[in-house]
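Note sheet for the following structure.
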């Protein structure tokens, strides 16, 4: 249970947009995910969370770093080995429609992964496809339909079925419910959780929605502009957020009851661009506790006990004026 | 603004530079293609009753026994240094002379084609767009459809039949008087005219749809005037490119019209040369025409780059 | 795909076009049953006779029944148009897929070659190729095919450039597909709309071009019953026996009209933006 399935070390991915400017979408990120757990990854748009998911799967080639899945170095594989490796790691996309070929019906879409890897004859694959459809909650009579004929929820179920077809160990869920109606979101989330239990899956669950992440994750990473700000177990994070950014995020979660008003922490300053970041903490321009050294040095993740890591120089110094 | 001008000039310069290797390849390719055509040029020149020794001697003289790349090189040298494209088998004169004799006719015919098809095409296209869904528009669209489906050679023949043969209104062959230009002119203009009408119509429709909504919201009075002025300006830019696109069609029409009406033009010369296996002539004519077309396309591209509204915004 | 047919049915022009094309196709298939006479049977005592009850379209300059020659000629004409489009379509699309997907030096080489082909006015290039290969219907078809390849290559290439960056292609890659799988199972099918539109119009153009080559004597050779050739055979007798040219030309017009109408309708259904 506590064996790490996925290990990411010092992952860097930057995009060169011109001779002088580069966007550091993922800037020296390291973490591990244990077998069977769901690691949530939250942050604003542009913090690099989507890029991380694709970089880990090598859909985007990282610039440097290491990705180890079940003991195998993913980044060192040859193209042929990589194709085989893909059977073990899959992805569910945010946009349920665009991720499906509009000219293929459900049967063809779900059988595609099995056809690619030649996992059986036509009949066998068709049977497996029907089983998968049943597993994700699609009725068999839908097999001849096309994506444009279906709603977002059903299309996302197709996406999930495709990801499961090869019986992977690890799945990157890239904002899988962000594009869906709220009522459908719950269905899909429950489906993902059920599947995780049944098939012993490990998830990296990426989202900008803290409430969703809280529901499904066991541990959570908070990212900002390409760097990790805080890592903690779910309950620990929500009860005891240490990083100023995490505190601001949590204060923004809408509360359903009328009297339990939360004190809203507003972030000042503009959202900086992740282009050619200056030295120092990434959050410095919007942090209400920023001191001189925050501009100079990039803080490292320090262990605060209980698997709770925070990257904030003020905290490490133990000064007042933060969190506590 | 100066930066944009420099950028544009650089783009144009690059374009011109790209054309030169293209022309070179066209010339070499044409030579090589015809090299593999059936028939021995020397034999063809001397006739079927010439002795083998004479043929062989002529082959040596013409350099036909040299390896291919030497022949290509000599050919290129001849063109660039002396403008010498070779001698025609049929007329025994330098091919440039034969071409020079027939080129004016074809050029005149093509110009008629361009002018008529562009002016009439744009006008009809505009009318059709402005009066969309009217009887006139629908009639125009039907006529255009027929025009696009008619082979130029059939159209020419039918025109000939009706006007020259049956009605004796117009001459059926020859070139020189304006009467002789009418039927071939119509023949060559019809297809490009139809295409230009179509394109103008669809461009105008796009513009009208945009402007009409805007101006309708503003002042309904001068809506028409604004449409005409603004839409016309927008419709003119594509027209320039349309002309470039229709060149190939125009040339086809020219060749066929010359055949139907027995005009002493370059197109007919080419066809006769193919029959007579007069390869130097075919070679030179094709290269000439390809050159002219490529250069006109280049000019059209340059004009289009200059007309690009992005640059007009000072 | 059924949806396309349903929408197409509403377009009267397209239906008319389909009707015309079908008539000619049936004529070609059942030629031996429809044609009353042998298209090559000469009857020198009845040269250039006008249409009559025995010869619906009259007889040509060798006394052959024009109607039968038109019926059999449909085979040549249809075959020419369809084969041209098939050859150009397959080769051109393939080149476009490769150039668009792999880009780089190979892509550049392919597109520059297309530029060279396009530098020649297409009819002149066709004449040139026939001059090299020597006149004949088959060579004419080859020549016209070659001049048609660039339009397929360009269109498919631009489609490929867009499609290869789409999300479902990335999704296929995530499943472990090879480049070949992506090209032929995802990019090509999603390009089919453009290819089909190009092809219906392409058949029309190919028919006119091959007929034109036959008209100037570089295509089908006598005594083949080919509509363009028949037109030129009737040229000399325009005054005395115009029916020879009229009927053959009219057939071309109707067939091309059919393809154009159907092609326009198909284009409106598949991609209304192109209107």
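The values are calculated or read from the model by the stated rules, or taken from the named source; none is laboratory data. Just so it is clear, the model here is predicted, and its values are computed rather than measured. For neighbour counting, all protein chains shown are included, and Cβ atoms are generated from backbone atoms with ideal geometry for every residue, glycine included.
The table that follows gives values for the structure above.
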| item | result |
| --- | --- |
| Boolean, residue C:176 is on the phi > 0 side of the Ramachandran plot and in contact with a helix residue (DSSP H, G or I) (Cβ under 9 Å, 6 or more places away or on another chain) | yes |
| Boolean, residue C:107 is more than 24 Å from residue C:254 (Cα to Cα) and under 19 Å from the mean Cα position of the chain (by Cα) | no |
| Selection within the stretch C:96-118 - surrounded by 20 or more Cβ atoms within 10 Å (Cβ to Cβ) and within 12 Å of chain B (Cβ to nearest Cβ) | C:114, C:118 |
| Residue selected from the stretch B:25-39 under the condition without any contact (Cβ under 8 Å) to a residue 40 or more places away in the chain and over 18 Å from residue C:135 (Cβ atoms), by the criterion farthest from the other protein chains (Cβ to nearest Cβ) | B:35 |
| Residue identified as crowded, with 19+ Cβ neighbours inside 10 Å and in contact with a strand residue (DSSP E or B) (Cβ under 7 Å, 6 or more places away or on another chain) among B:95, B:122 | B:95 |
| Check on residue C:238, surrounded by fewer than 24 Cβ atoms within 10 Å (Cβ to Cβ) and either more than 7 Å from every other protein chain (Cβ to nearest Cβ) or under 30 Å from residue A:171 (Cα atoms) (or both) | no |
| Filter pass, residue C:232 being free of Cβ contacts under 8 Å to residues at least 24 places away in the same chain and at the interface with chain B (Cβ under 9 Å from one of its Cβ atoms) | yes |
| Any chance residue C:250 is surrounded by fewer than 24 Cβ atoms within 10 Å (Cβ to Cβ) and within 10 Å of chain B (Cβ to nearest Cβ) | yes |
| So residue C:148, is it over 30 Å from residue B:39 (Cα atoms) and more than 14 Å from chain A (Cβ to nearest Cβ) | no |
| Residues satisfying the stated conditions in the stretch B:275-294, i.e. at pLDDT below 85, over 17 Å from residue B:76 (Cβ atoms) and either crowded, with 23+ Cβ neighbours inside 10 Å or more than 10 Å from chain C (Cβ to nearest Cβ) (or both) | B:276, B:278 |
| Residue list for the stretch B:145-180, restricted to those being crowded, with 20+ Cβ neighbours inside 10 Å, within 21 Å of the chain's Cα centre (by Cα) and more than 9 Å from every other protein chain (Cβ to nearest Cβ) | B:156 |
| Options C:183, C:244, C:207: the member that is more than 7 Å from every other protein chain (Cβ to nearest Cβ), more than 28 Å from residue C:134 (Cβ to Cβ), in contact with a helix residue (DSSP H, G or I) (Cβ under 9 Å, 6 or more places away or on another chain) and touching a residue at least 24 places away in the same chain (Cβ under 8 Å) | C:183 |
| Candidate set: the stretch C:55-72, residues that are assigned to a helix (DSSP H, G or I) and within 15 Å of residue C:232 (Cα to Cα); chosen: the one modelled with the lowest pLDDT | C:66 |
| Top-ranked residue of the stretch A:60-92 - restricted to ones that are at the interface with chain C (Cβ under 9 Å from one of its Cβ atoms) and in contact with a helix residue (DSSP H, G or I) (Cβ under 6 Å, 6 or more places away or on another chain), ranked as nearest to residue A:250 (Cα to Cα) | A:91 |
| Count - residues of the stretch B:124-142 that are within 13 Å of another protein chain (Cβ to nearest Cβ), in contact (Cβ under 8 Å) with a residue 12 or more places away in the chain and assigned to a helix (DSSP H, G or I) | 2 |
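Yes/no per residue for (1) modelled with pLDDT under 80; (2) more than 14 Å from chain C (Cβ to nearest Cβ); (3) more than 20 Å from residue B:283 (Cα to Cα):
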| position | (1), (2), (3) |
| --- | --- |
| B:2 | yes, yes, yes |
| B:81 | yes, yes, no |
| B:100 | no, yes, no |
| B:116 | no, yes, yes |
